[in-house]
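First the structure, in the form of structure tokens, and then the observations on it.
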Amino acid sequence: MSELTHVDVLIVGAGFAGIGMGAQLARRGRESFVIIEQADDVGGTWRDNRYPGVACDIPAHLYSFSFLPNPRWKRIFAEGAEIHEYLRTCVRQEGLEPHLLLNCTLRQAQWNEADGRWIVHTSRGSFAAVTLVAATGRLTEPKIPRVRNLREFRGRHWHSARWNPRVSLVGKRVGLVGTGASAIQILPRLAGEASEVVVFQRSAPYVLPRGDRLYSHEEMSQFAADPAAISTLRDELFAEAERSIPARKRRHPEIDLLQQRALDHLSSQVPDPELRRQLTPDYEIGCKRILFSDDYYSSLQLDHVRLEPTEVTRVTDAGVQAASGNVYDPEILVFATGFDTTQLPIARQILGRGALPLAERWSEGMVAHASTTVDGFPNMYVLDGPNAALGHNSAIYVIETQIDYVLGALDHLASTADTVLEVTPEAVRTSTRRIDELARDTVWTRGGCTNWYRDERTGRLTLLWPDSATSFRQQNATFDITAYRASAV
């Protein structure tokens, strides 16, 4: 066995979750830690997604760390490159460079019963860690739909998260597959370059006005001079987002008003009745993520853009065929079709007690206590994992809540003789039942759609927290030893 480097905490992933965890450990100054990242840069989703028009659909002053406000956000909704640079700046400001190993791929992490440590093998050496933090997120493995004979497509094709900047789209015939959050950002830019665009729509999204704009010089000066102004704005944005939860719980009249607002936006933007019919969703609003755009509908109505209201099914000698039977001849196919989200990418590489892979423990869907810990996997914490996504508010708020939980666990280890903490199966089952009960009457389970929040094997809601962000923090921010078996090795 290669020589082991001993650390208190090993963090896998250098996106928002991994950087946030590292920043809080660095501020404590008492734990040794390392952050491993398989890519050559930090940033996670915002490093990988470089497609034209990439931006966040949560306001920038809310979609950032509360402990690292940024007075220099240029727009209400930050573009991807700006968010990526923010994360790079966080690494520098928090002094995380000495703790960061880039181009470092996790090969295996296995719990060692005898020593009460995680033995972690990577492409850049091996570690013995008291605590393992999985912070790889969910939006990492691109999902390409099954298209018969795709390998025989004569043109070029790629996923939006693996954008090919070397291929010019100017004057090209392009097929855009998908109408989700990425697609509606890509289309306006794509339409500005391509000679022809066909948008393949499996299901119509609900779209609300985005209302984006640049911050004025006066506003940015105020943010820089008065940090309290950022906190006030953040609180206002958070409260506004929270007000949409009753609609997600299918309460009336809230859901009716929200749905009518989206349909009114569609009606005002699309005068053609047939196109408007094709763009009208056939499920309850919120069942899929609600999208925000000021130029998606107008782009669809350009003379050289066409909506194909069915999905791509196959590639033929004549071109690309949709479920409707219509055939198109694009030179390039762009798949804006989301990610495989129901398993963490590294779940097969993490082995708990008895060498049980985390993927096998989750063979019937992801579960966790407090959305963070899994029985059979001592001293391990999952950030941005089971039921830790939000469909209405900032994911960073959830990540910070989970970081607080992990810090509470580390405080327990530091203040007692205990060296091993393992959540009980009963605690995980109780958390799972609570999630199922919360989810039962929401749009995510009863809204009449398929969505990436639910596990395709069981139908359970495994990705999303089915309640307000406030309730997530109330229930999951404080470490409670009564849910754990504690011991000393």
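Listing for the model above:
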item: Failed item in (1) closer than 25 Å to residue 392 by Cα; (2) surrounded by fewer than 20 Cβ atoms within 10 Å (Cβ to Cβ), with residue 279 passing the rest; result: (2)
item: Matching option when the condition is touching a residue at least 24 places away in the same chain (Cβ under 8 Å) and crowded, with 22+ Cβ neighbours inside 10 Å, among 378, 425; result: 378
item: Evaluation of residue 89 against (1) at positive phi; (2) assigned to a helix (DSSP H, G or I); (3) polar (S, T, N, Q) (one fails), failing number; result: (1)
item: Evaluation of residue 294 against (1) surrounded by 19 or more Cβ atoms within 10 Å (Cβ to Cβ); (2) within 20 Å of residue 185 (Cβ to Cβ); (3) within 25 Å of the chain's Cα centre (by Cα) (one fails), failing number; result: (1)
item: Count - residues of the range 292-331 that are in a strand (DSSP E or B) and touching a Phe, Trp or Tyr at 6+ places or on another chain (Cβ under 7 Å); result: 6
item: Residue within the range 295-315 that is aromatic (Phe, Trp, Tyr) and either touching a helix residue (DSSP H, G or I) at 6+ places or on another chain (Cβ under 9 Å) or outside the structural domain of residue 151 (by the TED database) (or both) present; result: yes
item: Answer residue from the range 30-84, given it is in contact with a strand residue (DSSP E or B) (Cβ under 7 Å, 6 or more places away or on another chain) and not in a loop (DSSP other than H, G, I, E, B) and is farthest from residue 157 (Cα to Cα) among those; result: 33
item: The range 122-165 - residue that is small (Gly, Ala, Ser) and assigned by the TED database to the domain that holds residue 16 and, of those, farthest from residue 357 (Cα to Cα); result: 125
item: Of residues in the range 440-467 being over 18 Å from the mean Cα position of the chain (by Cα) and open to solvent by less than 10 Å² (accessible area, probe 1.4 Å), the one nearest to residue 284 (Cα to Cα); result: 447
item: Residue match in the range 361-373 (condition: surrounded by fewer than 22 Cβ atoms within 10 Å (Cβ to Cβ) and either of a type in the set (Ser, Thr, Tyr) or in contact with a Phe, Trp or Tyr (Cβ under 6 Å, 6 or more places away or on another chain) (or both)); result: yes
item: Matching residues, the range 391-408, being closer than 21 Å to residue 23 by Cβ and either open to solvent by 10 Å² or more (accessible area, probe 1.4 Å) or hydroxyl-bearing (Ser, Thr, Tyr) (or both); result: 394, 395, 397, 400, 401, 404, 405, 407, 408
item: Qualifying residues in the range 22-46 (those that are within 30 Å of residue 180 (Cα to Cα) and out of contact with any His (no Cβ under 6 Å at 6 or more places or on another chain)) - the one most open to solvent (accessible area, probe 1.4 Å); result: 38
item: Residues of the range 133-187 that turn out to be assigned to a loop (DSSP other than H, G, I, E, B) and either of a type outside the set (Lys, Arg) or open to solvent by 50 Å² or more (accessible area, probe 1.4 Å) (or both), as a count; result: 28
item: Residue 477 touching a helix residue (DSSP H, G or I) at 6+ places or on another chain (Cβ under 8 Å), more than 13 Å from residue 365 (Cβ to Cβ) and not polar (S, T, N, Q); result: yes
item: Positions within the range 337-365 being under 15 Å from the mean Cα position of the chain (by Cα) and in contact (Cβ under 8 Å) with a residue 24 or more places away in the chain, in sequence order; result: 337, 338, 339, 340, 341, 342, 344, 345
item: Count - residues of the range 188-197 that are touching a helix residue (DSSP H, G or I) at 6+ places or on another chain (Cβ under 6 Å) and in a strand (DSSP E or B); result: 1
item: Selected residue (criterion: surrounded by the fewest Cβ atoms within 10 Å (Cβ to Cβ)) from residues of the range 468-478 that are of a type in the set (Gly, Ala, Ser) and in a loop (DSSP other than H, G, I, E, B); result: 477
item: Conditions (1) modelled with pLDDT under 95; (2) open to solvent by less than 30 Å² (accessible area, probe 1.4 Å); (3) out of contact with any Leu (no Cβ under 8 Å at 6 or more places or on another chain): number failed by residue 70; result: (1)
item: Within the range 73-82, considering residues that are free of Cβ contacts under 8 Å to residues at least 40 places away in the same chain and open to solvent by less than 20 Å² (accessible area, probe 1.4 Å), the one farthest from the chain's Cα centre (by Cα); result: 78
item: Hits in the range 403-420 (condition: assigned to a loop (DSSP other than H, G, I, E, B) and not aliphatic (A, V, I, L, M)); result: 416, 418, 419
item: Selection count, the range 421-439, where residues are outside any helix (DSSP H, G or I) and either closer than 11 Å to residue 375 by Cβ or among the acidic types (Asp, Glu) (or both); result: 3
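Conditions (1) at pLDDT 95 or above; (2) among the hydroxyl-bearing types (Ser, Thr, Tyr); (3) touching a Gly at 6+ places or on another chain (Cβ under 9 Å), marked per residue:
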{"position": "5", "(1), (2), (3)": "yes, yes, yes"}
{"position": "11", "(1), (2), (3)": "yes, no, yes"}
{"position": "14", "(1), (2), (3)": "yes, no, yes"}
{"position": "19", "(1), (2), (3)": "yes, no, yes"}
{"position": "27", "(1), (2), (3)": "yes, no, no"}
{"position": "30", "(1), (2), (3)": "no, no, no"}
{"position": "33", "(1), (2), (3)": "yes, no, yes"}
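The values are calculated or read from the model by the stated rules, or taken from the named source; none is laboratory data. As the structure is a prediction and not an experimental result, all values here were calculated from the model. Here the Cβ is made from the backbone with ideal geometry for all residues, glycine too, and neighbour counts use every protein chain on show. Just so you know, the surface numbers come from the protein's heavy atoms only, side chains and all, with ligands and any DNA or RNA stripped out. Shrake-Rupley method; radii C 1.70, N 1.55, O 1.52, S 1.80 Å.
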